[in-house]
Amino acid sequence: MYSVKWLLVLSVAMLFFSCAEKEEPEVFVHVHNATIKVTVNLEQGGLNGQYTYTPISGVVVELYKTEEDRTDYTDLVFTRTTDSGGLAVFENLEEEYYYLRISHPTYGTMLDETSTPDGTVSFVQVYY
């Protein structure tokens, strides 16, 4: 009789634990995250082949996903204007590659492009 009670208790316990609610596993989704830092300087020739570099503020830097978008001035992704140090920063970028248009009313327009590997900072140096 003792073994029957034990078997009954064991069966009820197994039934109870097998019906317990199971936790869903957490799902982590990684989002591509990169940064581009664009520095724009005016290059001025000095004596004896020495050059000086002066940061240019007010330069408009545009990012595009494709070269065609940049050429056609369509689907602009982001735009920034350089600060007094000649710096424009683009953060939390989700693409692997960007095409840039750098424009200043006095010094003109330049085109560039850069890769943006996940978790990195890409540096673009522009000289007028």
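The values are calculated or read from the model by the stated rules, or taken from the named source; none is laboratory data. A quick note: this is a predicted structure, and the numbers were derived from the prediction, not measured. Counting neighbours? That spans all protein chains shown, and the Cβs are built from the backbone with ideal geometry, glycine included.
Structure data summary
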| item | result |
| --- | --- |
| Residue ID - modelled with the highest pLDDT, chosen from residues in the stretch 7-41 that are over 30 Å from GLY108 (Cβ atoms) and touching a Gly at 6+ places or on another chain (Cβ under 9 Å) | ASN33 |
| Lone unmet requirement of (1) closer than 30 Å to HIS30 by Cβ; (2) assigned to a strand (DSSP E or B) for GLU68 | (2) |
| Residue list for the stretch 47-95, filter: under 19 Å from TYR127 (Cβ atoms) and among the hydroxyl-bearing types (Ser, Thr, Tyr) | TYR51, THR52, TYR53, THR54, SER57, THR81, THR82, SER84 |
| Subset tally (residues that are closer than 17 Å to VAL77 by Cβ and either aromatic (Phe, Trp, Tyr) or in contact with a Ser or Thr (Cβ under 7 Å, 6 or more places away or on another chain) (or both)) for the stretch 103-128 | 6 |
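Yes/no per residue for (1) surrounded by 16 or more Cβ atoms within 10 Å (Cβ to Cβ); (2) within 28 Å of PRO117 (Cβ to Cβ):
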| position | (1), (2) |
| --- | --- |
| HIS32 | no, yes |
| LYS37 | no, yes |
| GLN44 | no, no |
| TYR51 | no, no |
| TYR64 | yes, yes |
| ASP69 | yes, yes |
| TYR73 | no, yes |
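This table checks each residue for (1) among the small types (Gly, Ala, Ser); (2) in a strand (DSSP E or B).
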| position | (1), (2) |
| --- | --- |
| VAL31 | no, no |
| ASN41 | no, yes |
| SER84 | yes, no |
| ALA88 | yes, yes |
| GLU91 | no, yes |
| THR109 | no, yes |
| ASP118 | no, no |
| VAL124 | no, yes |
